[in-house]
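Presented below is the structure to which this report refers.
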Amino acid sequence: MTTYIGLLRAVNLAGRNVVSMAALRDLAGELDLQGARTLLQSGNLVFRSKLPTAEKIERLLEDRAAARLGVSTDFFVRSAAEWTQAIAANPFPAEAKRDPGHLVVMVLKRAPDRAAVAELQKAIAGREQVRAKGREAFITYPDGQGRSKLTIALIERHLGTRGTGRNWNTVLKLAAAADGM
């Protein structure tokens, strides 16, 4: 069995797309995803599965979440090995150490091309920086995300793909949870 990390996009934000973590674990159990554990209330799931690909698991979770939980949202699934590779690929190691709450990893449906990442970087009005490696974008928010003009909508528009972000602290907690499976 392979250990996976699954992230839901835009759940439990300001009372919209409300998903209880207990319901998410129950849903995973119904889909024969073994040992499902959640982390925080933002839609983070760690589990084991015999299913052959992360993409197949994503589609299965998206379809069943819509039918069972009444929530239409994207799931982003990575194997524990892919998650570890993404951590190792972090182009901002100093920021990860100094200010992990302001370093965000945005997990993407597909890898953006280099030109799209360059255009996104040009569109940034503040001190934020973006680098992409494969299906992850690493973003520093030195002044915080709350007032930043670098929104998920702007990022997705420039990169041409959907995504969901987690700060570096959460990324590392998910890795530790996957290691414990």
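Once you keep just the Cα pairs under 8 angstrom separated by 6 or more residues, what percentage relative contact order results for the stretch 2-82?
Worked out over the stretch 2-82, it gives 42 percent.
Which of these, R78, R166, R157, has the largest mean-square fluctuation under a Gaussian network model of the chain (Cα springs below 10 Å)?
Looking only at R78, R166, R157, the largest GNM fluctuation is found for R157.
Helix 21-30: angle to the longest alpha-carbon principal axis of the chain, degrees 0 to 90, nearest 10?
50
Can you give the local net charge around P142? Use residues other than it whose beta-carbon is closer than 15 angstrom to its beta-carbon, Lys and Arg +1, Asp and Glu -1.
Counting the neighbours of P142, the net charge comes to +2.
Relative contact order of the chain: what whole-number percent is it, with Cα pairs under 8 angstrom and at least 6 residues apart?
24
With mean projected area of the Cα convex hull in nm² in mind, check (i) 11.1; (ii) 9.8; (iii) 8.9 and report the label derived from this structure.
(ii)
Whole-Hz Karplus ³J(HN,Hα) for the stretch 99-107, in order, using 6.51 cos²θ - 1.76 cosθ + 1.60 and θ = phi - 60°, x for Gly and Pro?
Values per residue, Gly and Pro as x: 8, x, x, 10, 10, 10, 9, 9, 7 Hz.
Label the stretch 2-82 by shape, choosing from rounded, prolate and oblate, from the square roots a ≥ b ≥ c of the eigenvalues of the Cα gyration tensor; if a/c is under 1.5 it is rounded, and otherwise prolate applies when a/b is larger than b/c, oblate when it is not.
Note, shape of the stretch 2-82 comes out prolate.
Taking only DSSP H segments of four or more residues, each worth -39500 (n - 2.57), what value at 222 nm results for the chain once the sum is divided by all its residues, to the nearest 500 deg cm²/dmol?
It lands at -10500 deg cm²/dmol.
With θ taken as phi - 60° and the coefficients 6.51, -1.76 and 1.60, list the Karplus ³J(HN,Hα) couplings across the stretch 121-129 in order, rounded to whole Hz; mark glycine and proline as x.
Whole-Hz 3J(HN,Hα) from phi for the stretch 121-129: 4, 5, 7, 6, 8, x, 8, 4, 10.
Pick from A81, A137, A28 the residue whose mean-square fluctuation is largest in a GNM of the chain, springs joining Cα atoms under 10 Å.
Highest fluctuation among the options: A81.
If Lys and Arg each add +1 and Asp and Glu each add -1, what is the summed charge of the other residues whose beta carbon sits under 13 Å from the beta carbon of P100?
Charge balance in the 13 Å sphere: +2.
Please go through the residue pairs K50/K133; K122/K149; K56/K97; K133/K173; K56/K109; K97/K133 and name each one whose alpha carbons sit more than 23 Å apart in this structure.
Beyond 23 Å: K50/K133; K56/K97.
Each reported figure results from applying straightforward, stated rules to the coordinates on display, with no laboratory input. Quantities reported herein were computed from a predicted structural model and do not represent experimental measurements. We place every Cβ from the backbone using ideal geometry, glycine too, and count neighbours over all the protein chains shown.
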